[in-house]
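The values are calculated or read from the model by the stated rules, or taken from the named source; none is laboratory data. Since the model is a prediction, treat every value here as computed from it, not as a measurement. No Cβ is skipped: glycine too gets one built from the backbone with ideal geometry, and neighbour counts run over all protein chains shown. Please note that ligands, DNA and RNA were not included when accessible areas were found on the heavy atoms of the full protein model with its side chains. Shrake-Rupley method; radii C 1.70, N 1.55, O 1.52, S 1.80 Å.
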Amino acid sequence: MAQESSELESRFPDLALASANFGFLLPYEPLLVLHGAACEARASAAPADSVAAARQFGEVLAVKLGQLTGVRLPVGDQSARLQTLARAGVLTAQVLAAFKDLHGFDGGELDEEETAAHLLDCCFTLAVWFFRALTGDAEPMAFVHTEASDLRVLAQQVAVLEAALPRLRREFDRVAPASLSAAEREQLIVSARDASYEPLREADIASGVQRRLAKAGWDVLGAGAEDELNRSLGCVLVGPRLAGGHRADMLLTVGGQVVGIIECKRDGTDLTDAMEQAGALAEAATGSSPWPVWRSPLPYRYVSDGRRLLFCDANEPEPHPRLVSGFHQPRTLARWQREAEADGAAPTYRARQAAYLQRQDEGFDQLRIAQRRAVRAIEQALAAGQRRALVQMATGSGASFTGVFTAYRQLHYARAGRILFVTDRKLAVHQLIAQLSQFSMPDGGRPLDDVYHVQELTAHGLAPSASVAVATVQRLSAMLADTPAPEDGSESVAAYETAERQAHSDATPLEVSYCEALPPDAFDLIIVDDCHRALYGQRRALLEYFDAPVVGFSATPTATVLGFFKGNLVESYSYEQAVADGVAVDYSLYQIQVDGDRQPAFATPVDAVGVQARSSRRARYEDLDDELAFTAGQGPARAVPSERLAKVVTAFRNALPTLFPDRMQHGSGLLAVPKTMVLAQDGLHADEVVERVRDVFGAGDVFCQRITPRDAYAAELLREFRTTPQFRIAVVTDLISGNSDMRVMECLLILREVRSAAYYEQLLAMGTQTISSAELRAVTPGADAKAQLVVVDAAGASRHLQPLVNVTDASGQRGRDALERLLHRATDGRATPQETAELAVRLARLIPALSDADGAEIRKLAGRPLQELVTRLLDSVNSDHLASLRRAGGKRAVEDERREALNPLTEDLQLQEVLLDLYDRPTPAPGTTSGSRGRRQDTTVGRRLDEFVERSGPFNSAQLWWIEKIADVVATETRFDPAYLDSVPFSARGGTDGFLDAFGPDAAICLLDELRRALA
């Protein structure tokens, strides 16, 4: 066998020498040489065999791309492979079209020989593209037409190697995808995209540059027009002579002054080296110049090969050249000039970030610690010149507010000209606009919209006065890529859901073009609010079009997302950390299994994943790369069929007393049913589910209703679900809610397959958001505190992820016994990592119902709050944290971390008794208060409220109701966000509109600001 392999290896170089059109691929993949040569050799003599070889060429090349980029591809389905590569951003539209021809071109009206010739051309096109992507060589490559006699010799060499093709293909298919860092993968993707464009002829480069200048609003002056520099705000001098005998390709003038230089280079030139040459010419251009010069040397420098455009602003601190999609407009350079002249110490946007933001912390008391860290990390990244920065924050932990706060600081202190927020749903646009408009600026309490105009981006473009724009991905696509306008309803449906529903959805990469209504320099900063990863893959051109740093917020950053940001994860706040901090609750997982006519089996999963088996969180996110990679081509996602719905819903109903024992013992009838979201397949399936739920529970129409994103009253129904006690169960088909409006949800029932792990995490994240006891009781009589999310999986969706520890017996005597057992194991020094994680989760369940007195006693005994105890326990079993400790201090550091995390619990038996006593207390009756959250017994807030009423009154009874309820929120939440006005209990009196009516529009805003300051 070894001798046979050696003989084969010796034959491939001979084949490469004989194939002028595919031999250059030998160092990169010998099978491509074999299939390409077979296609070429038989195109005339045996066209059917040539077509077969072409298809094999395309399949091998697709698999090779997956191996090189680390993108996991479906097995045996070329169409699905191409979709996956396109969604990851590897393939441009032109390359994808060539691949599709190889896979499915049927010849149409062409005969067999013409079809073979066409596919041979596609093979060569892809071969050249692949070669350029790996080498960066942009030299033109032409197809070599081979003599018939040479083709016969080539065919003979192909035939010898084809005998071993099955074995060669098996060995090739066994190669695993490369393990690349996010930055390495992104570099490969960028190279692949750059290689898809044919090099321009030298004569076409200058004319192409001039066309791009004209699109950006520059007036390109002809020969002899050098004296007309004031003809337009921005003029371009072509080929001017400079001092010392030098000649520039072009000079830019603004307001009659020379401000920049443009150099045109042959395609394939290293533009970074060319930028250094442009820098030297920028100095020469100012020496003895016949035209007025703004600054010496010229600060604005461009280098282009006709396709790529590299820009450098010499006014920046430590200038770094960057690729831009188009020239900046004259008015943009004029604005930059004014800003530089007004502030010589910080002449640019980036310079102002470094100079001013780090010294300002006004308003930081509004933020949680995790939010502060995120804001600081973003600002440090931008000040350092990093053009892409990713923040991972668990859903419900305040990512949207963090983005809004970041935008305020960028506008106020760094004096950003305009900021763009991007989201992938219309509902999220409305929520962001409301949050931005109502944001109270720390420097004076005025709403942000009073100073910085906030606008939704529409087909009409932007108002000149707009400082903040909010847009959907669909709107940007319509404006920049000429896709269908989002008026078709696409903005209502999450991109996560679109990917879930369509096994073979359109994966064609977007190609953008210059848009006068939305030029590349329209924004100084882009903030992406947790969009689907398609924005960073097949739609990445939408973000690359703008010359602005991109800050991304994501709860589940997949490999595609991490790759786009080049692995620059500047801050991470995981779901586990949010649970430890009391910002989120954890979840318990149950499964319903229906087997034929038997009664449904309701149980916990038997294959729950333990802590020791869990990979690092970052590795898990990179593994989510993602939707449809292994289910593509299998048709619609599976769902619980109609004939089994009644059994599943009945099993769910019968399990509720076990799942929520304290809740059900108080009665309250149907109102005791926890707020539940049911995930159905589609509209028809949802209607069937609604009917079965009403029948099984014996309830009326209001109890269970369907909410689908394209329903006319979806927003209103969603509001009713959040705010009314009678609406208990919502049947949905999509992630219809925003990031912070499903706090009332305590149960998730999954009735259809979920194909994406990222989508699954999004579903869970909606239900793990915390809620104050008072707000929960207002919509769920009998509830005391939300301690967990109960997930009931009837469709096998939970295969994607398992809880950190699946604690399903956290309450009552069983919960107490389990906690006592774990504390004894820890005291004896025998607690495993799995048991340590379980101990952390059980203690975290106590946080929502912890009173001030309880918290103070625990802090006194342990020397730290309960939240910190939980955090240290989770850190001690966290793979990422332990890996960093191991690198720094070896195995001893890991052992010390685990011991120190458990020490407060093992060294103080009194602390153990206090924790166990929390399980021995009787459950409060409905309407009574329990825990520090949800009670206004804070004497400080009460005293401040009395002082405010006495000082600012008199108020009528209706007004006092609003003031007192706001004080209730401040006592439990420490701050009052105006967005709370549209939640319980305020929604019962009209929400924001009711508040404005009670005090009058102008007076209401002033009073709210005064009240917030008085209670703070």
- Task: Using the structure shown, decide if residue 206 is outside the structural domain of residue 509 (by the TED database) and open to solvent by less than 30 Å² (accessible area, probe 1.4 Å).
- Result: no
- Query: If you scan the range 232-255, which residues turn out to be more than 18 Å from residue 288 (Cβ to Cβ) and open to solvent by 10 Å² or more (accessible area, probe 1.4 Å)?
  - Reply: 232, 233, 238, 249, 255
- Query: Which one of these does residue 214 not meet: (1) touching a residue at least 60 places away in the same chain (Cβ under 8 Å); (2) part of a helix (DSSP H, G or I); (3) not assigned by the TED database to the domain that holds residue 141?
  - Reply: (1)
- Among residues of the range 533-578 being touching a Cys at 6+ places or on another chain (Cβ under 9 Å) and among the small types (Gly, Ala, Ser), the residue nearest to residue 420 (Cα to Cα) is 552
- So which residues in the range 542-558 are in a helix (DSSP H, G or I) and open to solvent by 10 Å² or more (accessible area, probe 1.4 Å)? 544
- Message: One residue is enough: does the range 103-123 have a residue meeting the conditions out of contact with any His (no Cβ under 9 Å at 6 or more places or on another chain), in a helix (DSSP H, G or I) and within 21 Å of residue 74 (Cα to Cα)?
- Response: yes
- Kindly indicate whether residue 93 is open to solvent by less than 10 Å² (accessible area, probe 1.4 Å) and either outside the structural domain of residue 184 (by the TED database) or out of contact with any helix residue (DSSP H, G or I) (no Cβ under 6 Å at 6 or more places or on another chain) (or both). no
- Query: Only one residue in 693, 731 is open to solvent by less than 10 Å² (accessible area, probe 1.4 Å), touching a strand residue (DSSP E or B) at 6+ places or on another chain (Cβ under 9 Å), part of a helix (DSSP H, G or I) and modelled with pLDDT of 90 or more. Which one?
  - Reply: 693
- Among the residues of the range 862-884, count how many are of a type outside the set (S, T, N, Q) and surrounded by 18 or more Cβ atoms within 10 Å (Cβ to Cβ). 10
- Note on the structure: Filtering the range 561-582 for residues that are of a type in the set (Val, Ile, Thr), open to solvent by 10 Å² or more (accessible area, probe 1.4 Å) and not in a strand (DSSP E or B) leaves a count of 1
- State yes or no: is residue 387 in the same structural domain as residue 515 (by the TED database) and in contact with a Lys or Arg (Cβ under 7 Å, 6 or more places away or on another chain)? yes
- Would you check which residues across the range 322-337 are touching a Pro at 6+ places or on another chain (Cβ under 9 Å) and either surrounded by fewer than 20 Cβ atoms within 10 Å (Cβ to Cβ) or in a loop (DSSP other than H, G, I, E, B) (or both) and list them? 324, 325, 326, 327, 328, 329
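The rows are residues; the columns are (1) open to solvent by less than 40 Å² (accessible area, probe 1.4 Å); (2) assigned to a helix (DSSP H, G or I); (3) at pLDDT below 90.
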site: 126; (1), (2), (3): yes, yes, no
site: 140; (1), (2), (3): no, no, yes
site: 144; (1), (2), (3): no, no, no
site: 151; (1), (2), (3): yes, yes, no
site: 180; (1), (2), (3): no, no, yes
site: 189; (1), (2), (3): yes, yes, yes
- Query: Is it true that residue 173 is closer than 29 Å to residue 566 by Cα, under 42 Å from the mean Cα position of the chain (by Cα) and either open to solvent by 60 Å² or more (accessible area, probe 1.4 Å) or polar (S, T, N, Q) (or both)?
  - Reply: yes
- Task: Please identify the pairs in which a residue from the range 467-493 that is part of a strand (DSSP E or B) has its Cβ atom under 6 Å from the Cβ atom of a residue that is at pLDDT below 55 and surrounded by fewer than 19 Cβ atoms within 10 Å (Cβ to Cβ), counting only partners at least 6 apart or on another chain.
- Result: none
- Taking the condition under 19 Å from residue 167 (Cβ atoms) and open to solvent by less than 30 Å² (accessible area, probe 1.4 Å), does residue 43 pass? no
- Quick count over the range 451-478, residues being under 16 Å from residue 517 (Cβ atoms), open to solvent by 50 Å² or more (accessible area, probe 1.4 Å) and in contact with a strand residue (DSSP E or B) (Cβ under 8 Å, 6 or more places away or on another chain), is 1
- Query: Between residues in the range 724-735 that are in the same structural domain as residue 749 (by the TED database) and residues that are assigned to a loop (DSSP other than H, G, I, E, B) and of a type in the set (Phe, Trp, Tyr), which pairs lie under 9 Å by C-beta distance while being six or more apart or on different chains?
  - Reply: 726/703; 727/703; 728/703; 729/703
- Of the conditions (1) farther than 27 Å from residue 189 by Cα; (2) assigned to a helix (DSSP H, G or I); (3) out of contact with any Gly (no Cβ under 8 Å at 6 or more places or on another chain), residue 34 clears all except one; give me its number. (1)
- Within the range 153-170, the count of residues that are of a type outside the set (A, V, I, L, M, F, W, C) and open to solvent by less than 60 Å² (accessible area, probe 1.4 Å) comes to 4
- Query: Is one or more of the residues making up the range 416-428 under 20 Å from the mean Cα position of the chain (by Cα), under 26 Å from residue 1014 (Cα atoms), modelled with pLDDT under 95 and outside any helix (DSSP H, G or I)?
  - Reply: no
- Take the residues of the range 353-389 that are basic (Lys, Arg) and more than 14 Å from residue 407 (Cα to Cα): which is modelled with the lowest pLDDT? 359
- In the range 10-28, how many residues are open to solvent by 20 Å² or more (accessible area, probe 1.4 Å) and free of Cβ contacts under 8 Å to residues at least 60 places away in the same chain? 5
- Message: Against the condition open to solvent by 30 Å² or more (accessible area, probe 1.4 Å), at pLDDT 80 or above and farther than 25 Å from residue 844 by Cα, how does residue 720 come out, does it pass?
- Response: yes
- Query: Limited to the range 737-795, what total is found for residues that are part of a strand (DSSP E or B) and within 21 Å of residue 594 (Cβ to Cβ)?
  - Reply: 9
- Message: Of all residues being of a type outside the set (Val, Ile, Thr) and open to solvent by less than 10 Å² (accessible area, probe 1.4 Å) in the range 740-752, which is farthest from residue 704 (Cα to Cα)? Just the residue, please.
- Response: 752
- Message: List the residue pairs whose Cβ atoms are under 7 Å apart, where the first residue sits in the range 267-284 and is at negative phi, the second is assigned to a helix (DSSP H, G or I) and surrounded by fewer than 19 Cβ atoms within 10 Å (Cβ to Cβ), and the two are 6 or more positions apart or on different chains.
- Response: 284/243; 284/244
- Query: Taking the range 348-363 on its own, how many of its residues are open to solvent by 20 Å² or more (accessible area, probe 1.4 Å) and either in contact with a strand residue (DSSP E or B) (Cβ under 6 Å, 6 or more places away or on another chain) or of a type outside the set (Asp, Glu) (or both)?
  - Reply: 8
